[in-house]
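Reviewing the structure listed below.
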Amino acid sequence: MNLKNQRRMAAQILKCGENRVWIDPDPDNMKKVADCITREDVRMVIRWGLVQAKQKQGKSTGRSKAAHAQKKKGRRRGPGSRKGAEYARTPRKREWIRLIRPVRMKLRELKDQGAIDNRTYRQFYMKAKGGMFKNKAHLVTQLKLQGYLKDMPEPTQGAK
């Protein structure tokens, strides 16, 4: 039995794709559907329940959730997962900003607290600009080694 036309009309009436149109497989009911010529006839068999729209198929998020959990742990970041060169992923400038801002803030903080004088501040600021320090801890170590920082003031609560 060719129900192509009926399926097409039902899809338009049900506002779904032709693949989602379900026609009752019972031979008597299929005959009734085959006898439908007009849209009104198709609407009637839809009302009777002989033609229905199948439910939309969902997508399982289980695999993506598992992958996301692994990524949160730091996995799945190897060379096979990477697209783009090293500095396309994190530009050199962004790395520099991430390094220099805390170092400069620490220097400013030490100057404001009176732990270092203005001349030392300028000297170490320029060294920081030249890329001498790896991080804040390295800066403080160098200040102590060179004798500019004797008594380290206690950090205030909540300060970084």
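Rule-based calculations on the coordinates, nothing more; no lab input. Everything numeric here is computed off the predicted structure, so don't read it as measured data. Cβ atoms come from the backbone with ideal geometry, glycine included; neighbour counts cover every protein chain shown.
In whole Hz and in residue order, list the ³J(HN,Hα) couplings for the stretch 86-103 that follow from phi through the Karplus curve 6.51 cos²θ - 1.76 cosθ + 1.60, θ = phi - 60°; x for Gly and Pro.
3, 8, 7, 6, 10, x, 4, 5, 4, 4, 4, 4, 4, 7, 6, 4, x, 5
Pulled fully out, how much extra length does the chain show between Arg82 and Tyr125, if you take 0.36 nm times their separation in residues and subtract their Cα-Cα distance?
Gain in length upon complete extension: 11.9 nm.
Out of residues 5 or more away from Val21 or on other chains, whose amide H comes under 5 Å of its own, with H placed 1.01 Å from N in the peptide plane?
Lys54
On full extension of the chain, what length is gained from Arg94 through Asp35, given 0.36 nm per residue of separation minus the C-alpha to C-alpha distance?
Here the answer is 14.2 nm.
Straight-line reach from Lys111: which lysines have Cα under 28 Å away, leaving out those fewer than 8 places along the same chain?
Straight-line reach from Lys111, under 28 Å: Lys93, Lys127, Lys129, Lys134, Lys136, Lys144, Lys150, Lys160.
Please find the FRET efficiency linking Ala66 to Trp22, where r is the Cβ-Cβ separation and R0 is fixed at 45 Å, and quote it to the nearest 0.05.
Using R0 = 45 Å, I get an efficiency of 0.85.
About the Cα centre of the stretch 1-147, how large is the charge dipole given +1 on each Lys and Arg Cβ and -1 on each Asp and Glu Cβ? Please answer in debye to the nearest 20.
Rounded to the nearest 20 debye, it is 1400 debye.
Per residue of the stretch 28-39, in order, report the coupling 6.51 cos²θ - 1.76 cosθ + 1.60 (Karplus, θ = phi - 60°) as ³J(HN,Hα) in whole Hz, putting x for Gly and Pro.
5, 5, 5, 5, 4, 5, 5, 6, 6, 10, 9, 4
Which one of Ile13, Gln123, Trp96 is farthest out on the positive end of the charge dipole of the chain, using unit charges on Cβ (Lys, Arg +1; Asp, Glu -1) and the Cα centre as origin?
Gln123
Give a residue-ordered list of calculated ³J(HN,Hα) values for the stretch 129-140 (Karplus: 6.51 cos²θ - 1.76 cosθ + 1.60, θ = phi - 60°; whole Hz; x for Gly, Pro).
The phi angles translate into 4, x, x, 6, 9, 7, 6, 4, 4, 5, 4, 5 Hz.
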